[in-house]
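Worksheet: the structure to be examined is printed underneath.
Derivation of every value follows stated rules applied to the coordinates shown; laboratory data play no part. Model, not experiment: these values are computed from the prediction. Because the Cβ atoms are built from the backbone with ideal geometry, glycine has one as well, and the counts that use them run over all protein chains shown.
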Amino acid sequence: MTFAGPKVRVRDLTKEYYVSTGGGTQVVNALNGISFDIRAGEFVALTGRSGCGKTTSLRIVLGLDEQTSGTVEIDGREVNGCGYDRGMVFQHAELLPWRTAIENIEFGLELKGVRKDERRSIANKMLDLVGLKKSADRRPYQLSGGMKQRVGLARALTTDPEVLLMDEPFGALDAQIREEMQTELLSLHEKTKKTVMFVTHDIDEAVLLSDRVVIFTPHGTIHEIVDINIPRPRNDPIGIRGTEEFQNKRYHIWRMLKLTDQRPADLAM
């Protein structure tokens, strides 16, 4: 039976940290009651200043962190810890240095108990999907930054997750490689139709890739969720950047981010 609701459902999510200070213990509110949905196959970006709760939200959806209150559901099932229905691509690929590219891609399948011949077949398909078939036997030190991120992306896709979580995966790359990876991701999303939750500080990247952009405030709340009305497939990233929709949404998000940097009293005016 197919679940009729949203693929990802986040409700009233809060996260508190306790930090020791000279005068005792201070409570830090990383998230303050955020709520949003992500539809099946949708690409949603989270953006906002550093420390606003974007990555914390991602880690709670993944199951690496536990919320203080609120709920996260995938297809109506409450998230309690990590699961194979979610895959993660980190800012740095975090590849195992003693393994080749294809062996790194197979790692999740090994943990899942997939037979060696089957996991090798799946890993080869993923290598082909990310354009690294000729680099299967290279170790991480023999791969460029962009190639490492492709391996990390392929590794996340091997277990066929329902939701792909991406934490600034292109943030450490130079501008040219970053644009190439954005184009690659647009193509992969078109082929796989995965539901994607993507953290980025880059407004251009958020608008280019996403169906909606969630704008966080510095106080761990959501200021606005912006619809990006750019048709898919997005086969011409350069042309898209010149469209009125791209320019208008880029400016709007930039303006909202500047507004959220103001004090709460200013926001109420």
task: Using Cα pairs closer than 8 Å and at least 6 residues apart in sequence, work out the relative contact order for the chain, in percent.
output: 23 percent
Diffusion coefficient, µm² s⁻¹, Stokes-Einstein with Kirkwood Rh over alpha-carbon pairs of the stretch 91-160 at 20 °C and 1.002 mPa s: 186 µm²/s
task: Please identify, among S20, S210, S69, the residue showing maximal mean-square fluctuation in a Gaussian network model of the chain using a 10 angstrom Cα cutoff.
output: S20
field: Radius 14 Å from Cβ of P140, net charge of other residues (Lys, Arg +1; Asp, Glu -1)
entry: +3
statement: Here the relative contact order (percent) of the stretch 13-169, from C-alpha pairs under 8 Å and at least 6 apart, is 25 percent
query: Sorted from largest down, what three extents in whole angstroms do the Cα atoms of the stretch 145-269 have along their principal axes?
result: 48, 30, 28
message: Students often get this wrong, so check it: of K54/K133; K148/K258; K15/K148; K148/K191; K7/K249, which have C-alpha atoms separated by over 27 Å?
response: K54/K133; K148/K258; K15/K148
query: Which loop-located GluC sites (Glu not before Pro) does the stretch 1-78 contain, where loop means any DSSP state but H, G, I, E or B and the Cβ has at most 14 other Cβ atoms within 10 Å?
result: E66
- request: Nearest 5 is fine: what % of DSSP beta bridges in the stretch 164-269 come out antiparallel, could you say?
  value: 55 percent
task: Could you work out the local net charge near R99, counting Lys and Arg as +1, Asp and Glu as -1, over the other residues with Cβ closer than 11 Å to its Cβ?
output: -1
field: Calculated on alpha-carbon atoms, Rg and Dmax of the chain in Å
entry: 19.2, 63
- prompt: Between R11 and Y141, what is the FRET efficiency for a Förster distance of 45 Å, r being their Cβ-Cβ separation, to the nearest 0.05?
  reply: 0.55
